[in-house]
Structures are given as structure tokens and as C-alpha cells.
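Here is the structure we will look at, set down as C-alpha cells.
The values are calculated or read from the model by the stated rules, or taken from the named source; none is laboratory data. Since we're looking at a predicted model, the values are computed, not measured. Methodologically, a virtual Cβ is constructed for each residue, glycine included, from the backbone with ideal geometry; neighbour enumeration extends over all protein chains shown. These accessible areas exclude ligands, DNA and RNA; they are computed on the full protein's heavy atoms, side chains included. Shrake-Rupley method; radii C 1.70, N 1.55, O 1.52, S 1.80 Å.
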Amino acid sequence: MSDLIIKLADYQEDFPKIEEIRRIVFQEGQGVDPDLDFDGDDEISEQLIAYLDNEPVGTARIRYLDDKTAKIERLAVLPIARGQGIGKKIMEKALLVIASKNIPEVVLHAQEYVKGLHQQLGFQEEGEVFEEAGIRHVKMKKYLNC
């Protein structure tokens, strides 16, 4: 793989790049309403951004629901960078960030077609498939050894 860097984003500096990635992936690619994507929780979340050869190509956010549970949301990789394991590497980085805060439980709402990625990382399905933003999702959970 080329030079991949995944880091905690500086909100002021990196958020415009994160917005652009999410706009391309969710709004243009999947028809998600911008008001559903940009729901007001970005400022209270930690953001990850992935750079491939110094170009922003992926993102995810971590939202802390309480002192025991974190939720990984808005995992997105630009179409031009897919198929290189970048989404998995972003998830691995998110799990490291969460573990460093001694948060034992991680939840997410995975789009059904990518639940296998999360299963590779130890997430288990919980409950039935449901629709969120018009897309089929499944709730998944993982416990960390903190």
C-alpha cells in the first residue's frame, strides 16, 4: 500500500476535508440526506481522518455515549481508495483510541453489506436488520479488554 496515515483529526483544520469525504460517500453515493449525516454530533465526537499519499480518503467518528460505551459512526472511504483495507485500518485505529480511554463497550450500526468487515474485527450482530437513512443496517457490539 502507498503511504497511509490515520490520525485523530484537528476539528478546525480537518473537518472541511471530512465533510467532503462524507458528502461524496453518503450524499452523492448513497443518497443520504445531509441533515441526517450532519446531525449536530460532530463537534462532540472525536474524528479520525485517513490520508493516502497526503490526500484525505477516509474518515470515521467516535461518539462517547457514556463512560462505558463508545459508538463508531460515519465510517467512509472514497471510492477511489476502496479495496485497499483502509476502512478496516480506520476501524482498528478507532478501537485503539477507545481502548486507550478504558471504554469497555463499542457499538455501531453497520450497513448490512459491510457487516463482514466488522465481524473480522470481533463485532457481533445484535437484533434484527433495520433501516437508517433508507439503508439496511444491523446493530453490532464488541467488548474491549480494558
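Structure notes:
- Rounded accessible area of residue 100 (nearest 10 Å², 1.4 Å probe): 90 Å²
- Here residue 12 and residue 67 are evaluated by their C-beta separation; at R0 = 25 Å the FRET efficiency comes out at 0.40.
- Of the solvent-accessible surface of the chain, computed with a 1.4 Å probe over protein heavy atoms with every protein chain present, carbon and sulfur atoms account for 47 percent.
- Considering all C-alpha pairs of the chain, those separated by over 20 Å amount to 45%.
- In sequence order, calculated HN-Hα J values of segment 83-100 (Karplus, 6.51, -1.76, 1.60; Hz; x Gly/Pro): x, 10, x, 5, x, 5, 5, 5, 4, 4, 5, 4, 5, 5, 4, 5, 4, 5
- For segment 24-89, the dipole from Cβ point charges (+1 on Lys and Arg, -1 on Asp and Glu) about the Cα centre works out to 480 debye, to the nearest 20.
- Fully extending the segment from residue 131 to residue 3, taken as 0.36 nm per residue of separation minus the present Cα-Cα distance, adds 42.5 nm.
- Alpha carbon Rg of segment 63-115, scaled by the compact-globule rule 2.2 N^0.38 Å: 1.22
- The chain, relative contact order [Cα under 8 Å, separation at least 6], %: 20 percent
- The charge dipole of the chain, taken about the Cα centre with unit charges on the Cβ atoms of Lys, Arg (+1) and Asp, Glu (-1), comes to about 680 debye, rounded to the nearest 20.
- With the convex hull constructed from alpha-carbon coordinates only, segment 1-57 shows a mean projected area of 4.2 nm² over all directions.
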